[in-house]
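What follows is a single structure, written as structure tokens, with notes after it.
The values are calculated or read from the model by the stated rules, or taken from the named source; none is laboratory data. Bear in mind the structure is a predicted one, so any value in this text is a computation, not a measurement. Neighbour counts are summed over all protein chains in view; Cβ atoms, including those assigned to glycine, are modelled from backbone coordinates with ideal geometry. The protein model used for the area step is the full one, side chains on, heavy atoms only, and it has no ligands, DNA or RNA in it. Shrake-Rupley method; radii C 1.70, N 1.55, O 1.52, S 1.80 Å.
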Amino acid sequence: MRVLVNTGGRRLRSGLGRAEKWGAAFEVVRGEAERARGLVQVKALRAGLADSEVAVSQLPAKLKSLLAH
């Protein structure tokens, strides 16, 4: 699995566009609201995958299940 990190300074939409251009299956987003709740958003970038919110502690399991599809 390749991981690209954007630590801020860019708009979410431009990050999604870049991830799609590079062929990513999903993008993980953690903004201030998610951080306050201990969650991350997993944005689906390919057909057949659904967007979801998961606890940070559950992220590895979620990514593993998504990569299995």
Check: Is it the case that some residue within region 18-40 is loosely packed, with under 14 Cβ neighbours inside 10 Å, in contact with a Phe, Trp or Tyr (Cβ under 9 Å, 6 or more places away or on another chain) and either modelled with pLDDT under 85 or not charged (D, E, K, R) (or both)?
Finding: no
Note to self: So the check is Cβ under 6 Å with 6+ separation or different chains; which pairs have a first residue in region 38-63 that's part of a loop (DSSP other than H, G, I, E, B) and a second one that's open to solvent by less than 70 Å² (accessible area, probe 1.4 Å) and of a type outside the set (A, V, I, L, M, F, W, C)?
What the structure shows: Asp51/Lys43
Next item on the list: Select from region 42-69 the residues that are within 10 Å of the chain's Cα centre (by Cα) and open to solvent by 40 Å² or more (accessible area, probe 1.4 Å) and write down the one among them that is nearest to Val3 (Cα to Cα).
Entry: Lys43
